[in-house]
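The values are calculated or read from the model by the stated rules, or taken from the named source; none is laboratory data. Being a predicted model, the structure only gives us computed values, none of them experimental. Please note: Cβ atoms are built from the backbone with ideal geometry, for glycine as well, and neighbour counts cover all protein chains shown. For the accessible areas, the whole protein counts, side chains as well, though only heavy atoms, and no ligand, DNA or RNA atoms are used. Shrake-Rupley method; radii C 1.70, N 1.55, O 1.52, S 1.80 Å.
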Amino acid sequence: MLQQVLMTSPWPSHLWVVRHGQSAGNVARDRAHAAGLGEIDLDIRDVDVPLSDLGHEQSEALGKWFANLPADQRPTVVLTSTYLRAQQTAKAIADAGGLARSDIAFCIDERLREREFGILDRLTSQGIEARYPEQAEARRRLGKFYHRPPGGESWCDVILRLRAALDTLSLHHRDQRVLIVGHQVVVLCLRYLLEGLTETEILAIDAEGDVANCGVTAYRQAEDGKLALVSYNFLAPLEREGAAVTTAPDAKVAAR
């Protein structure tokens, strides 16, 4: 008689993927574009760019939304990018009571970091055209999915490191309720991986509009054990708390 083997899912029971709140880099980028400048005025490393005042407000609003869920429906695991703005967003969610317990330590993971821009760092689209027209042409020819600026990353490079991050997720956090706080490109590339999308499909989603700051992409474990998309770019938590919705890309415009 064959022994029946109980199959279990390798995935979390719930997964929320959140873009950080508005950052000082978003604000600086908007100023540069409004003034027609080629370079974004930031005097610190991208990894150290903090949230703006509005970004803190958005993150607190999201934390209050999580806090209004029953404790047994809130996140039990928090994975966050190494970048300051992502960690500040996660902390604001925790401080607002948005986690299942108050003693949950964050898992800070460099694989969830922003896409690296290399020589295009801090340049607006105008600046790229003026200083590196060959890179602007290469990006048009190859598309953002494959174009890798010198010293930087393509979307495929981000996807490669996120594949490893998902292996860690399935190994250590199965059947948990997991919150990931990262960046716009991380949200999109995780959708590509989790839903088995093609380049054309994920770029079509990207073309529909930017991922909002503190926008929520949610998955739930389905009966077949796979993660099923529940919502994308969900903004009700901000709207309910009266926090302004912002959707500008991060300061390094070439990242997308």
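Quick rundown of the values:
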| read-out | value |
| --- | --- |
| Other-chain or far-sequence residues with amide H under 5 Å of Gly215's (modelled H) | Arg19 |
| ³J(HN,Hα) computed for each position of the range 66-82 - Karplus, 6.51 cos²θ - 1.76 cosθ + 1.60, integer Hz, glycine/proline x | 4, 5, 7, 6, x, 4, 7, 10, 8, x, 9, 9, 10, 10, 9, 4, 6 |
| Exposure rank, largest accessible area first [Trp155, Trp65; 1.4 Å] | Trp65, Trp155 |
| The range 118-256: relative contact order in percent, alpha carbon pairs under 8 Å with at least 6 residues between | 25 |
| Average Cα contact separation per residue, the range 51-186, under 8 Å, 6 or more apart, as relative contact order % | 32 |
| Per residue value of the accessible surface for the range 1-146 (all protein chains in place, 1.4 Å probe), Å² | 51 |
| 5 angstrom amide H check on Thr80, placed H, neighbours 5+ away | Cys107, Ile108, Asp109, Val181 |
| Difference of contour (0.36 nm per residue) and Cα-Cα distance, Glu129 to Thr168 | 10.1 nm |
| Charge dipole magnitude, Cβ of K and R +1, D and E -1 - the chain, Cα centre, debye nearest 20 | 300 |
| Among Gln22, Leu84, Leu169 - extreme Cα towards positive end, dipole of the chain, charges at beta-carbon | Leu169 |
| Accessible area (Å², 1.4 Å probe, nearest 10) - Tyr146 | 120 |
| Selected from Pro50, Ser9, Leu112, residue furthest toward positive end of dipole (the range 1-146; charges at beta carbon) | Ser9 |
| Rel. contact order, % - alpha carbon contacts under 8 angstrom, at least six apart, the range 140-193 | 35 |
